Structure formats: C-alpha cells, structure tokens
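Report on one structure; see the data block that follows.
The values are calculated or read from the model by the stated rules, or taken from the named source; none is laboratory data. What you are looking at is a predicted structure, and each value in this text was computed from that prediction instead of being measured. Here Cβ is always computed from backbone atoms with ideal geometry, including for glycine, and neighbour counts include all displayed protein chains. Protein only, heavy atoms only, side chains kept; ligands, DNA and RNA dropped before computing areas. Shrake-Rupley method; radii C 1.70, N 1.55, O 1.52, S 1.80 Å.
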Amino acid sequence: MLTLASKLKRDDGGKAGRASGASDSAHRISIRDRLLTKEVAELETNLPSTCKASFPDEDKLHHFQLAVSPDEGYYQSGRFQFEVDVPEAYNMVPPKVRCLTRIWHPNITENGEICLSLLREHSIDGTGWAPTRTLKDLLNFDDPLNIDAAEHHLRDKEDFRNKVQDYIKHYAR
C-alpha cells in the first residue's frame, strides 16, 4: 500500500518538473486509485481485530482480500476469505465482493455470491451504492440471499449452528 501512496506523491511532485510538451498519459493516476489510497488506510484503521486486509500486489489497491475470523456467534472459530475488486468507475459503481470460502449463510450462496444491498448499483429503498459511500461501509453484512440457509435458521437454530460448524470444519480452517 505504501508503494502506491509513495508513487502518487512522486508523480504529483514530478509534474512540475516535466517539460510542458511531455505526455501526461503515462503518468496519470486514476480517480479510483487516488480515492483508494485514502480509503484503504481508513478501512485498515477501522477494521475490527477479527478482520485483516491483504493486498497480493501493493501497487493494486483495487484488488484485495479480507480475512474474517469471528470470535463469537455461529461462525466463531472459522476463517472466511473475501475477495474485493474495485472497478475503474469507482466511486460511481460499487466494489465487487465475493466469498472465497464455502459457507452456510443466509446472505451468501455456496459459490460465493453475496447479497448485500450496499453492493447494488441501484436500489429502490435507497440503501444501494452511492458515490458518497466508502470501503468501510462494506463492513455491514445484513441481507438475505441463500433462502435455504435463512429458512434453516428460522426453522431450527441448533441444527443451523451444527451445519455452520460442519462447514467451518470442512472449508474454513
């Protein structure tokens, strides 16, 4: 992360020193990357101790993973990996988030799709993505998608807990 932040500072400082005829296209930094430099630092500051962000390539803040290891509730003792891709059109469009760990959860399908109203580009109730939102807004996961898991939870909480623990044992260690 510091690599991109340093690059942004270096590029901003270097603009004054370049000849006026030099091409800026090779040195342009996208709005997304400028926003992410600030937002990633803010996200990491606000992450609870049960979450950790990692960046496979420190020069690409727009692609990172978030590991979540709950210390309470049904998912306690599991370790769940999420992938976050921030599109070039950010902050006008939401980030794409996918769960990489198989999980039994009402808001996440078994193949990793996540139902979170915040990730919707358009929503009738006004809870979808808006340019005023930031990455830290993604820390709220309350929205049903996996109907079977949601009904299972409503029908038999103890059996639901057992199934979650079985998934953790097989997929989230």
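Here are the numbers:
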{"item": "Spin-label pair residue 173/residue 69, simplified geometry with 7 Å Cα→Cβ offset, distance in nm", "result": "1.5"}
{"item": "Full-stretch length increase - residue 81, residue 29 - with 0.36 nm per residue and alpha-carbon distance subtracted", "result": "15.8 nm"}
{"item": "Rounded percent of accessible protein surface that carbon and sulfur make up, region 59-104, 1.4 Å probe", "result": "50"}
{"item": "Student exercise, region 49-125 dipole from Lys, Arg, Asp, Glu Cβ charges, in Debye to nearest 20", "result": "180"}
{"item": "Per-pair calculated FRET efficiency, R0 = 30 Å: residue 130 and residue 150 via Cβ, rounded to 0.05", "result": "0.70"}
{"item": "Additional length obtainable on full extension of the chain from residue 44 to residue 89, 0.36 nm per residue less Cα span", "result": "14.0 nm"}
{"item": "Extension gain, residue 60 back to residue 111 (0.36 nm per residue minus Cα-Cα distance, nm)", "result": "15.8 nm"}
{"item": "31 Å Cα-Cα threshold exceeded, pairs from 60/157; 52/163; 52/169", "result": "60/157"}
